[in-house]
Structures are given as C-alpha cells and as structure tokens.
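One structure is given here, and the rest of the page talks about it.
None of the figures in this text is laboratory data; all of them are computed from the coordinates on show. Worth saying up front: this structure is predicted, and the values here are computed from it rather than measured. Neighbour counts are summed over all protein chains in view; Cβ atoms, including those assigned to glycine, are modelled from backbone coordinates with ideal geometry.
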Amino acid sequence: MKYIDLHTHSTMSDGSMTPEELVNHAKESGLSAIALTDHDGVEGVERAISEGERIGVEVVPGVEMSAQFKTETHILGYDINICDKDFLCAMEEVRKARFERNLITAENLRKIGFDVSYDEALKFAPNGFLGRAHYAKLMVEKGYVKSVKEAFVKYLSSGKEGYCSLQRYTPEECIEIINNAGGKAFLAHLHLIKLPDDELEEYVTRLKKAGLSGIEGYYTEYDEEMHAKYIALANKHSLLISGGTDFHGEMKPQISIGKGYGDLEIPYNLLENMRK
C-alpha cells in the first residue's frame, strides 16, 4: 500500500524544513507522494519537484490560500501551473496584504506589553515569509510564553488581542484563481470552519457551484466521526477527497508527516482519483 501527504509546509511559508529537506523527510517516512502547499505562494514548489525527481518522491505542485468568510477558511490548490502569470499576480497581492498585517500584529503585541518588533520576528523567517507562527517563536524566545501553541491560544488566534485579520480573497475567488491556473480546489480542514452541519453543507454546495473539486477528508485533527462525516459529505455531493497532515516540522512538532498524531494513513488512490 502506498501512502501520501497532500498538506505540508516548508520554510517558504511557516514550516521549519526547506523544500528539499521536506521531500527527503517524506522519503525517509515511507511516503510515495506529497503536495507542497505553502501559504499563498509557490516559491518552493520547483525546488521540491526537482528534489523529488532526484530521490523518487512524487511532488504535487500546490498552495494553501487563505479566504475571507464568516470564519477562517482555507482553500487548497493542487496541480497548479506555478508559472501562470495571473496566479502569481494574485499571490503578490496577498503578500502585500500580509506585510501590512505583520506590522499591525507587532503593534498589537506591543500594546499588550510585549517588547517585540517586525524586524525581530523576521529573523525566524529567513526566506522573508513572515506569519503569526514567527511572532509566536519570538515570544517563546523572549520567555513571554512557553510554546508556539500557547502564543496562539492566548494572543494570536482570531479574536485575541494580538490578532490582526488578513485581507483575503473570498472562497469563490480563491477557487477561480486556482482553477484558472489549471489546478483543482479543495476545502481544507472543515472542522475549523465552525459551522453547524446543515450550514456547512450549504457552504460546500455553494462552493461546488463556484468550481470546488473536493474536500479534505483525511486530516490530523479529525476524529473517526469527523472523518466519516466529511467523507460522506464528499460522496453525497460527488466531490473528490484529499488528505494531509498540515505538517510544519518544528512549528507543530506533535504532527508527523504522513501520520499526523501517529495513526493517520492517507491512501495513494486519492491522488489517482484527483487526476482522472
């Protein structure tokens, strides 16, 4: 049986491994394929593909786009043409918005009483992609919190004093951007959308009309009931199923690539079905 992980991050966003290290780690972990789905950018994809070709790991060109909705929604894109000009322009717009958000995040944290700055956080992001996780690492280094998770729970998650929302595309716009770049769009980690089951189904129906190809049916934080519910939802609406761990390396040390918390197995046939 061949296994995969279609939701991973590298140092080109908020992961701790370079694209090459990530692919090698996947190989060492016995995976046949991974998708590199860095946040709002594909800068690491070509490097990952090259390394995958060298060592025998299939790498799917991907992205994870942040979308503006009632709650935070993420759209995964697979098999994207990473050279598509319109797609790259869309990513650049998000990057500009992210820069403004990072400046405000630093200001918010200082208002709470934490002595932090944009430039200090940037040292944790050697490739220039700065996000909340890097502020969290800075807070750990300075002794304000004991872990990245604590920083998010207390200060950096939605609704907390340090949080600043990111100006995003709508879910429908994300789907259109991905589809126009030759990819397929999937709704990520549905349990984080925080909608009642009937409203979630209405939301999925709406996104399917906009061109959604599938949903993430396998995920680290799903319990058996969630997994079964989302698989049934996909089948009911004739949607494809993807699966991934949301691997970030040291940023989320409790999550193992391909295995999540230890017992996740994502079958290769999901990728085959996506490409039929």
Odd one out for A67 among (1) over 13 Å from the mean Cα position of the chain (by Cα); (2) over 23 Å from K259 (Cβ atoms): (1)
Residue that is nearest to A133 (Cα to Cα), among those in region 254-272 that are out of contact with any helix residue (DSSP H, G or I) (no Cβ under 9 Å at 6 or more places or on another chain) and either free of Cβ contacts under 8 Å to residues at least 12 places away in the same chain or among the polar types (S, T, N, Q) (or both): S256
Residue list for region 70-92, filter: within 18 Å of the chain's Cα centre (by Cα), under 24 Å from G182 (Cα atoms) and among the acidic types (D, E): D79, E92
Residues located in region 116-136, provided they are closer than 14 Å to T105 by Cα and either touching a Pro at 6+ places or on another chain (Cβ under 7 Å) or of a type outside the set (F, W, Y) (or both): V116, S117, D119, E120, A121, L122, L130, G131, R132, A133, H134, A136
Positions within region 247-276 being touching a Lys or Arg at 6+ places or on another chain (Cβ under 7 Å) and surrounded by 19 or more Cβ atoms within 10 Å (Cβ to Cβ), in sequence order: M274
Members of region 126-155 that are free of Cβ contacts under 8 Å to residues at least 60 places away in the same chain and in a loop (DSSP other than H, G, I, E, B): G128, L130, K142, G143, Y144, V145, K146, S147
Sole residue being in contact with a Leu (Cβ under 9 Å, 6 or more places away or on another chain), among the small types (G, A, S) and in contact (Cβ under 8 Å) with a residue 24 or more places away in the chain, chosen from G217, G211: G217
